[in-house]
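Comments concern the structure below.
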Amino acid sequence: MRSTLRTPLGIALAVGLSLVLAATVFGPALFGDAATARDIAGRQAPASLAHPFGTDDLGRDLFARTVVATRTSILLTLGATVVSVAGGVALGVVTAVLPRPARRVLSALIDILLSFPWLLLALFFSVIWGTTATGAVLAIGFAGIPVFARLVSTLASSVANADYVHAARMLGASPWRRATRHVLPNITPPMLVNTAAHASVTLLSFAALSFLGLGVQAPEYDWGRLLNEGAKRIYVAPMAAIGPGIAIVTTGVVFALLGELLSEERTRAVRAAREPDARPA
């Protein structure tokens, strides 16, 4: 792991992750006052040294608001990712260990849900749960369940056909026990890789919903809402929209790099396990 962190990929991930964590933990405390302080005389100011991203309609510093919005954006993204992973793991593992007729029914249901674009499902669920931050978390989380369900079902099916799982079934182990004791531990590493990559897509989807007015509502704000407000003045003060966009892209890249790093570590572990023991007898 240390050798991987010394690579350009590892260094870039460490720097980006440190910035995101610092903004998430310390952002509201350090920039909270500047994010809420109003200056009517300086409203809609363009980017400057005093205000790198300019100011909004009430004269509030947009750079400070972008930093403060990191916590909300990250927490909502992680919440939606947890919903997707938990629901996908439950549905995928159940599909893998159930008898063949029930397995086919669940597999067909997953395939039907996968035939719809993810963002379209998120928009559909957001109508059900309402245009709130909680509703957006549930909408994006449930929209991601079919993706993880198919992935987990594929991984779990390969493990479920292993000899030790068949032996556990012959010894009378219940499907739940086989799933928790034999299937889940063996599919965790690839799941972690895909979870990190999925968080990047979830962040972009959350920003899209907030941009469309279906996510975080006033007076709360996240990057998507700030991007929506800045887009109205993009030709006059472009940094008002570019600033939140930079935050979204940077954090998305950090999640993607984390998934890439975990993938490389898993590949190295698999290669190391397959190498014959070269030690003398």
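Where a number appears in this text, it was derived from the coordinates with a stated rule and is not lab data. Bear in mind the structure is a predicted one, so any value in this text is a computation, not a measurement.
3J(HN,Hα) along region 244-254, derived from phi through the Karplus expression 6.51 cos²θ - 1.76 cosθ + 1.60 where θ = phi - 60°, amounts to x, x, 4, 4, 5, 5, 4, 5, x, 5, 4 Hz, with x in place of Gly and Pro.
Over region 17-74, with a single point scatterer placed on each C-alpha, what log10 of the ratio I(q)/I(0) does the Debye formula yield at q = 0.17 1/Å? Ignoring solvent entirely, the Cα scatterers give -0.51. Coupling constants for region 86-94 follow from the phi torsions by the Karplus curve (6.51 cos²θ - 1.76 cosθ + 1.60, θ = phi - 60°), and in residue order they are 4, x, x, 5, 4, 5, x, 5, 4 Hz; glycine and proline get x. The alpha carbon gyration tensor of region 26-246 gives principal lengths a ≥ b ≥ c with a/c of 1.5 or higher and a/b greater than b/c, which makes the shape prolate.
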